[in-house]
Amino acid sequence: MALTGSYQHTIDAKGRLFIPAKLREELGDVFYLAMGMDGCLAIYSEESWAGFMDKVSMLPSAETRAMRTFFANANKCELDSQGRILIPQKLRVYAGLEKEVVVNGAQNRVEIWDAFKWNKMEDLSAESLLSVMKTLGL
């Protein structure tokens, strides 16, 4: 599974976000919402979440203790009849999500970004792409 694409959406007054149909197809009916890297939120399919949990279960307990906050704030999600999920207030605060968001496919997960933060960070330059390709040995 390779989650790709970028979509602009808004969070409604109740904290609900529409998940694009293309991404819903890849994620399946049940998925997990959690804190992501660099101040975004991450959505994992059941399959990706299970793989992540397998890796975590192999870690020594001292290392998993550091992940308490991560797991305490992770949520199992199911879409409502309109293709939306509810993003809990704590996670909206963590990611600075208010209204305008960008929903991006990111290989094995979906990332939800505050639109302003994403637009500031996104680098569409050829130099940036070339640098990433070189780092990957491509």
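The values are calculated or read from the model by the stated rules, or taken from the named source; none is laboratory data. Everything quoted here is computed from the prediction, not taken from an experiment. Don't worry about glycine lacking a Cβ; one is built from the backbone with ideal geometry, like all the others, and counts go over all protein chains shown.
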task = Answer yes or no: is there a residue in the stretch 65-87 that is exposed (fewer than 15 other Cβ atoms within 10 Å of the Cβ), small (Gly, Ala, Ser), under 14 Å from the mean Cα position of the chain (by Cα) and in a loop (DSSP other than H, G, I, E, B).
result = no
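Among residues belonging to the stretch 91-121 that are charged (D, E, K, R) and surrounded by 13 or more Cβ atoms within 10 Å (Cβ to Cβ), point out the one that is nearest to residue 19 (Cα to Cα). Give the derivation first.
Within the stretch 91-121, the first condition is being charged (D, E, K, R), and the residues that meet it are 92, 98-100, 109, 111, 114, 117, 120.
Adding the requirement that they be surrounded by 13 or more Cβ atoms within 10 Å (Cβ to Cβ) leaves 92, 98, 100, 109, 111, 114, 117.
Values: 92: 15, 98: 16, 100: 14, 109: 13, 111: 11, 114: 15, 117: 19 Å.
So the residue we want is 111.
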message = Just to be sure I understand the filter: pairs with C-beta atoms under 7 Å, separated by 6 or more residues or on different chains, first member in the stretch 17-33 and free of Cβ contacts under 8 Å to residues at least 60 places away in the same chain and more than 20 Å from residue 89 (Cβ to Cβ), second member surrounded by 13 or more Cβ atoms within 10 Å (Cβ to Cβ) and charged (D, E, K, R). Which pairs pass?
response = 28/46; 30/46
query = What pairs come up if the first residue lies in the stretch 37-52 and is closer than 18 Å to residue 86 by Cβ, the second is acidic (Asp, Glu) and modelled with pLDDT of 95 or more, and their beta carbons are under 6 Å apart, counting only those six or more places apart or on different chains?
reply = 40/111; 42/111
request  = Please state which one of 138, 129, 124, 59 is out of contact with any Gly (no Cβ under 6 Å at 6 or more places or on another chain), surrounded by 11 or more Cβ atoms within 10 Å (Cβ to Cβ) and either at pLDDT 90 or above or part of a loop (DSSP other than H, G, I, E, B) (or both).
outcome  = 59
Condition broken by residue 13, with the remaining ones in (1) of a type in the set (A, V, I, L, M, F, W, C); (2) in a loop (DSSP other than H, G, I, E, B); (3) within 20 Å of residue 120 (Cβ to Cβ) satisfied = (3)
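Conditions (1) in contact with a strand residue (DSSP E or B) (Cβ under 7 Å, 6 or more places away or on another chain); (2) over 20 Å from residue 14 (Cβ atoms), marked per residue:
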| position | (1), (2) |
| --- | --- |
| 62 | no, yes |
| 79 | yes, no |
| 85 | yes, no |
| 88 | yes, no |
| 101 | yes, no |
| 104 | yes, yes |
| 109 | yes, yes |
| 112 | yes, no |
